[in-house]
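Below is one structure, written out as structure tokens; the observations come after it.
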Amino acid sequence: MYTVAVTRDFIANHYLIGGDWGNENQPHAHHYVAEVSIEGQQLDRHGYLVDIVAIEAALDGIVVYFRDAMLNDKPEFSGLNPSIEHFSRIICEQLHAAIQPPGSGLLRVKLWENASCWAAFRLEF
């Protein structure tokens, strides 16, 4: 199984809703790190699983959209608690739509909220 990966960091803001999480209920920022990995068994005729430049470009576009934003105000989070679990899924689905990887495999977004806490979402394609 081959794996290709890209990492980007950015700052975004949010506040948690639907429960009593103390200071997390107030607007605050996190320095997120998005680790994207794609796994598959087949390489294309150029020897690529997915062109890493295409992954970088798609991820950069997603990061620009969320960078310095209030996640609660983004339509993707409408009716959702802006947890890192939801956020990792949203990034994963947007990335999959942007790069449309060929063949079959696994796309995973691991989203770090700080140096010791992360959530991930995997999507089979």
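Residues of the range 7-18 that are modelled with pLDDT of 95 or more and either of a type in the set (A, V, I, L, M) or in a loop (DSSP other than H, G, I, E, B) (or both): 11, 12, 15, 16, 17.
Residues that are among the hydrophobic types (A, V, I, L, M, F, W, C), under 16 Å from the mean Cα position of the chain (by Cα) and crowded, with 16+ Cβ neighbours inside 10 Å within the range 21-68 comprise 33, 34, 36, 38, 55, 58, 59, 62, 63, 66, listed in sequence order. Filtering the range 70-80 to residues that are outside any helix (DSSP H, G or I) and either of a type in the set (D, E, K, R) or surrounded by fewer than 16 Cβ atoms within 10 Å (Cβ to Cβ) (or both) leaves 70, 74, 78, 79. Consider residue 55 carefully, then state whether it is part of a helix (DSSP H, G or I) and over 14 Å from residue 4 (Cα atoms). Spelling it out, it is not the case that residue 55 is part of a helix (DSSP H, G or I) and over 14 Å from residue 4 (Cα atoms).
Selection of first residues in the range 66-85 that are at positive phi and of second residues that are at pLDDT 95 or above and surrounded by fewer than 17 Cβ atoms within 10 Å (Cβ to Cβ), restricted to Cβ pairs under 8 Å at least 6 apart or on distinct chains, gives the following pairs, ordered by first then second residue: 68/11; 68/13. Residues in the range 98-125 that are part of a loop (DSSP other than H, G, I, E, B) and touching an Asp or Glu at 6+ places or on another chain (Cβ under 8 Å) were compared, and the one that is nearest to residue 44 (Cα to Cα) is 102. Can residue 95 be described as among the aliphatic types (A, V, I, L, M), within 19 Å of residue 125 (Cβ to Cβ), surrounded by 17 or more Cβ atoms within 10 Å (Cβ to Cβ) and more than 17 Å from the chain's Cα centre (by Cα)? In short, no.
The values are calculated or read from the model by the stated rules, or taken from the named source; none is laboratory data. Keep in mind that what you see is a predicted model, and the values were worked out from it rather than measured. All Cβ positions, glycine included, derive from the backbone under ideal geometry; neighbour counts span all protein chains shown.
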